[in-house]
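Taking it in order: structure first as structure tokens, then the write-up.
The values are calculated or read from the model by the stated rules, or taken from the named source; none is laboratory data. Predicted, not measured: the structure shown is a model, and the values here were computed from it. Cβ: placed from backbone, ideal geometry, glycine included. Neighbour counts: every protein chain shown. Just the protein is used for accessible areas: all its heavy atoms, side chains included, with ligands, DNA and RNA removed. Shrake-Rupley method; radii C 1.70, N 1.55, O 1.52, S 1.80 Å.
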Amino acid sequence: MKYVPRAVLFLGIPALLFALPWWLLVYTTLSGPGFWLGSAAFLLGYLALPAGMLLGHGPRQSDAASLVGDTLLGVMWVLFTWSVIGAVVRAGLGVAGVDDPARSRIVALGVLAIWIGLSAWAIYEARRVPRVRTLEVEIPGLGAGLDGLRMVVVTDTHYAATDRLRWSERVVEEVNAQRPDIACHAGDLADGSVAARRAQVDPLGKVEAEYGRFYITGNHEYFGDAPGWIDHMSGLGWQPLRNAHEIITRNGDSLVLAGIDDPTGVSLPGHGPDIKTALTGADPALPVILLAHQPKQVTDAVSAGVALQISGHTHGGQIWPFRYLVRLDQPVVSGLSRHGTHTQLYTSRGTGFWGPQLRLFAPSEITVLILRTPIQPAALPS
């Protein structure tokens, strides 16, 4: 009996995603053979979605099945969203006196056209090389020798069933074109084993950064082989910051670059975030830049007096309007925000995508954070 709620959830969510679009596009508009063909197509999709998710993400780990299941999940989320909007419009047209069948057909054609157009655009947005997003961030206490330091951030690459080797190579080319002083990967590197995904990850070994390349774990590493990925990234020349820090010095001035594990790591002995350990031995007078995968880890960053936390995890919502659900779990979905009196948080929308190959109104990014020494106000004449 304890497995019944999980089974209901596994079958109930797809039923909801398919039922409303079926009603709007088939039940209210078609008759005869068209009705039965449309219903059969929706039934086939309903059966394929949980089957693809189970075979793709269950014990068999079938890449082909995960592509089917993930893609269906994404496109049906878009169709469901616009079917909800279409149902509201349909009701409004009814109030305005527009009768069936014209009312239902107008709405169905509109929803169908928007769904096809947005799904195609979202797939393109997910698979393209991310745009570069550049932002200057003032860091209190940053010495003049570090003014202009360029931190290039990638995160949430999620190398998985889709073979994105060429995409990975082009991302590295774009990162290097930004002339990073420091390169960071803020977690959720890949979904799957090192053996299965290393070919897509290996181009990261060609990233060039004068003051180092640094990597932290995300929650998805802990869904798979976190120790294996930590070792692999280390072998590629990326320094894992596992509740640890490094001192970055340029032109006589220094800052602390620290990193902590993802909270999911507590499931693995010796893992889990510990900001106190990460900053042990660091000069408290130096500004601290913290890599922490989830934005909600900023609570600990504020307590520790961190100047800037860099996070990912949210994907900016990835497929609108999912961002509003993400906001229920995280304090920020994307962009630069301030927390407490001294701590800033930058949340990247992510460089890749998870699951469905769609990004709708949440474009991916390669982030360039240019650290700036605060401008001192001019002294008043005596």
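Rounded to a whole number, what % of the accessible area of the range 227-382 do carbon and sulfur atoms account for, probe 1.4 Å?
Working: 3710 of 6570 Å².
Accessible surface attributable to carbon and sulfur in the range 227-382 totals 56 percent.
For the chain, compute the orientation-averaged projected area of the C-alpha convex hull (one quarter of its surface), in nm². It would help to have the intermediate numbers written out before the result.
Values: hull surface 101.3 nm².
Mean shadow area of the hull around the Cα atoms is 25.3 nm².
Pop a pseudo-label 7 angstrom from the Cα along the beta-carbon direction at both SER39 and ALA91 and give the gap in nm to one decimal.
Each label point is offset 7 Å from its Cα along the Cβ direction, giving 2.6 nm.
Using a 1.4 Å probe on the protein chains only, how many percent of the accessible area of the range 1-95 belongs to carbon and sulfur? Don't skip to the answer; put the middle values down first.
On the way: 4320 of 5470 Å².
Within the range 1-95, the accessible surface is 79 percent carbon and sulfur.
What residue among SER267, SER119, SER104 shows peak mean-square fluctuation when the chain is described by a Gaussian network model with Cα springs under 10 Å?
Fluctuation is largest for SER267.
Roughly how many percent of the accessible protein surface of the range 107-194 is carbon and sulfur, given a 1.4 Å probe and a whole-percent answer? All intermediate terms of the calculation are to be shown ahead of the outcome.
Numbers: 1960 of 3410 Å².
Whole-percent figure for carbon plus sulfur exposure: 57.
How far, in degrees from 0 to 90, does helix 32-57 lean away from the longest principal axis of the Cα atoms of the chain, to the nearest 10?
The answer is roughly 30 degrees.
If R₀ is 56 angstrom, what is the calculated FRET efficiency for the pair ALA15 and ASN251, using the beta carbon separation as r and rounding to 0.05? The partial results should precede the final answer.
Values: r = 62 Å, r/R0 = 1.10.
For ALA15 and ASN251, the calculated efficiency is 0.35.
Output the 0 to 90 degree angle, nearest 10, between the alpha-carbon long axis of helix 165-177 and the longest principal axis computed from the alpha carbons of the chain.
Result, in degrees: 40.
Expressed in nm to one decimal, what extension gain is obtained for the pair ALA285 and ALA195 from 0.36 nm per residue of sequence separation less their Cα-Cα distance? Show your work: numbers first, answer last.
Values: separation 90, 0.36 × 90 = 32.40 nm, distance 4.33 nm.
Contour length minus the Cα-Cα distance gives 28.1 nm.
Ranked highest first by the average count of other Cβ atoms within 10 Å around their residues, in what order do 84-92, 304-312, 340-348 fall?
Values: 84-92: 15.8, 304-312: 24.8, 340-348: 20.1.
Most protected by this proxy first, the peptides run 304-312, 340-348, 84-92.
Rounded to the nearest 0.05, what FRET efficiency do ARG127 and LYS276 give with R0 = 25 Å and r taken as the Cβ-Cβ distance? Could you check? Please list the in-between numbers first.
Working: r = 41 Å, r/R0 = 1.65.
The pair ARG127/LYS276 has a calculated efficiency of 0.05.
With a cut-off of 8 Å between alpha carbons and a minimum separation of six or more residues, what is the relative contact order of the range 50-186 in percent?
Working: 89 pairs, mean separation 29.1, N = 137.
Once normalised by length, the contact order is 21 percent.
Stretched out fully, how many nm does the piece from ASP63 to THR134 gain, at 0.36 nm a residue minus the Cα gap?
Working: separation 71, 0.36 × 71 = 25.56 nm, distance 3.47 nm.
Contour length minus Cα-Cα distance gives 22.1 nm.
How big is the shadow of the Cα convex hull of the range 66-132, averaged over all directions, in nm²?
5.8
Please find, in a Gaussian network model of the chain (springs between Cα atoms separated by less than 10 Å), the residue of GLY317, GLY56, GLY97 whose mean-square fluctuation is greatest.
Among GLY317, GLY56, GLY97, the largest mean-square fluctuation in the Gaussian network model of the chain belongs to GLY97.
Expressed as a rounded percentage, what relative contact order does the range 1-110 have, with Cα pairs under 8 Å and six or more residues apart? Walk me through the numbers before you get to the answer.
Working: 81 pairs, mean separation 30.8, N = 110.
Relative contact order for the range 1-110 comes out at 28 percent.
Answer rounded, prolate or oblate for the range 230-296, using the Cα gyration tensor with square roots of eigenvalues a ≥ b ≥ c: rounded when a/c is under 1.5, else prolate when a/b is larger than b/c, else oblate.
On the way: a/c = 2.33, a/b = 1.46, b/c = 1.59.
Oblate shape, in that a/c is at least 1.5 and b/c is the bigger or equal ratio.
Just need the Rg to Rh number for the range 5-158, please, alpha carbons only, Kirkwood Rh.
Details: Rg = 22.1 Å, Rh = 18.9 Å.
Radius of gyration over Kirkwood radius for the range 5-158 works out to 1.17.
Would you be so kind as to identify which of VAL288, HIS342, HIS232 lies farthest towards the positive end of the dipole of the range 221-356, taking Lys and Arg as +1 and Asp and Glu as -1 on Cβ and the Cα centre as origin?
Result: HIS342.
Show me 222-228, 28-34, 365-371, 352-358 ranked by packing, highest mean number of other Cβ atoms within 10 Å first.
On the way: 222-228: 17.6, 28-34: 13.1, 365-371: 21.0, 352-358: 24.0.
Packing proxy ranking, top to bottom: 352-358, 365-371, 222-228, 28-34.
Only Cα pairs under 8 Å and at least 6 apart count here; give the relative contact order of the chain as a rounded whole percent.
On the way: 762 pairs, mean separation 74.1, N = 382.
It rounds to 19 percent for the chain.
Per residue, how much accessible surface does the chain expose to a 1.4 Å probe? Answer in Å², no decimals.
Numbers: 17570 Å² over 382 residues.
Accessible area per residue, the chain: 46 Å².
Assuming 0.36 nm per residue, please report the length gained on full extension of the stretch GLU173 to ALA144 beyond their Cα-Cα distance.
Details: separation 29, 0.36 × 29 = 10.44 nm, distance 2.95 nm.
Answer, rounded to one decimal: 7.5 nm.
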